[in-house]
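Visitor: Structure in structure tokens, see below.
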Amino acid sequence: MPWSLGREDDVITEWERSDGYATVRVRERGDGGFVARLDVMEQAADESAYERERFDDREAALDRAAAWREERDIDA
């Protein structure tokens, strides 16, 4: 299932899977670091999950977000 960019501003970038049951978010922390977060709801066809990782730079967080989207891409 494809992912679409749902929000992108100075603080948060978030993608939503087309089934609406999964999101991946990258946000800037107050201390200048970044957090990448995966949230797959219990109603999803694949296994539910919640993961959160902290990074020192935005590029590393975006790389992790891309990996999660690839891992959690499911067939329609």
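The numbers here are math on the coordinates, done by the rules we state, and not lab data. Small disclaimer: the values here were computed from a predicted structure and weren't measured. Cβ placement follows ideal geometry from the backbone for every residue including glycine, while neighbour counts extend to all protein chains displayed.
Visitor: Take the Cβ-Cβ distance between Asp10 and Asp73 as r, set R0 to 35 Å, and report the resulting FRET efficiency rounded to the nearest 0.05. If you can, show how the numbers build up before the last one.
Guide: On the way: r = 27 Å, r/R0 = 0.78.
Here the calculated transfer efficiency is 0.80.
Visitor: Order the peptides 59-67, 4-12 from the highest to the lowest mean number of other Cβ atoms within 10 Å of their residues.
Guide: Working: 59-67: 16.7, 4-12: 10.4.
The peptides rank, most packed first, as 59-67, 4-12.
Visitor: Do you know the relative contact order of region 3-72, to the nearest whole percent, from alpha carbon pairs under 8 angstrom that are 6+ apart?
Guide: The normalised contact order for region 3-72 reaches 23 percent.
Visitor: Over the Cα atoms of region 3-72, compute the convex hull volume and normalise it per residue, giving Å³.
Guide: Working: hull volume 5.3 nm³, N = 70.
Hull volume normalised by residue count: 75 Å³.
Visitor: Asp31 to Arg54: extension gain in nm, 0.36 nm per residue of separation minus the Cα-Cα distance? Walk me through the intermediate numbers first.
Guide: Working: separation 23, 0.36 × 23 = 8.28 nm, distance 1.14 nm.
Value of the extension gain: 7.1 nm.
Visitor: Have a look at Asp57, Asp31, Asp19 and tell me which one the Gaussian network model of the chain (Cα, springs below 10 Å) gives the largest fluctuation.
Guide: Judging by the Gaussian network model, the answer is Asp31.
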